[in-house]
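Enquirer: This is the structure, below, for whatever I ask next.
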Amino acid sequence: MAILTARRQGLAFAAPNYQAVSAADKFAAVNGGKYLLHYKNGATAQASGSTPNKVTDQATVIPSGSAAVAGFADLLTSAGAGMGATSEATIQIDNATRFLDGQGFVNLTHGGTITTVTVDIIGPL
């Protein structure tokens, strides 16, 4: 598991900080903070199969009597097939509160072939 770094974006120009992803990553976040994740993939299609890229929901309780299973409220950051070659995607976390673990991190999961997948995390906004 890698600890990634979120960067603050000010009024001045700032270069993106693309960081290589691993199967399980995390970044420090603040309660109620808003974050933008900008994923880029290079020449290798991700082909993640049944494990989509996602942000782990730490707080939402499975509704009683429902057929939902653990992870039903996770925030998907890619389709089930993962990212295609030479593609980009963005996802905004409007409020990080439900995604924070006990240590103040937002946990990310990335499946399949991730050799050319990077992410720039901007926030809190």
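Enquirer: Over the chain, give the accessible area per residue in Å² for a 1.4 Å probe, as an integer.
Expert: With all protein chains present, the chain gives 52 Å² per residue.
Enquirer: While we're here: Could you please state how large a percent of the accessible area of the chain is carbon and sulfur, counting protein chains only and using a 1.4 Å probe?
Expert: Answer for the chain: carbon and sulfur cover 58 percent of the accessible area.
Enquirer: Suppose R0 equals 22 Å; then what is the FRET efficiency for Thr113 and Ala24 from their Cβ-Cβ distance, rounded to the nearest 0.05?
Expert: For Thr113 and Ala24, the calculated efficiency is 0.90.
Enquirer: If you put +1 on each Lys and Arg Cβ and -1 on each Asp and Glu Cβ, how big is the dipole of the chain around its Cα centre, in Debye rounded to 20?
Expert: Dipole magnitude for the chain comes out near 180 debye.
Enquirer: Put +1 on the Cβ of every Lys and Arg and -1 on every Asp and Glu Cβ in the chain; which of Asn95, Ala43, Gln58 then has its Cα farthest towards the positive end of the dipole?
Expert: Positive-end residue among those listed: Asn95.
Enquirer: Out of the stretch 8-67, which trypsin sites (Lys or Arg not before Pro) are coil in DSSP terms and have no more than 14 other C-beta atoms within 10 Å?
Expert: Filter output for the stretch 8-67: Arg8.
The values are calculated or read from the model by the stated rules, or taken from the named source; none is laboratory data. None of these values were measured; they are calculated from a predicted model. Every residue, glycine as well, gets a Cβ built from its backbone with ideal geometry; the counts of neighbours run over all protein chains shown. In case anyone asks, the SASA skips ligands and DNA or RNA and just uses the protein heavy atoms, side chains included. Shrake-Rupley method; radii C 1.70, N 1.55, O 1.52, S 1.80 Å.
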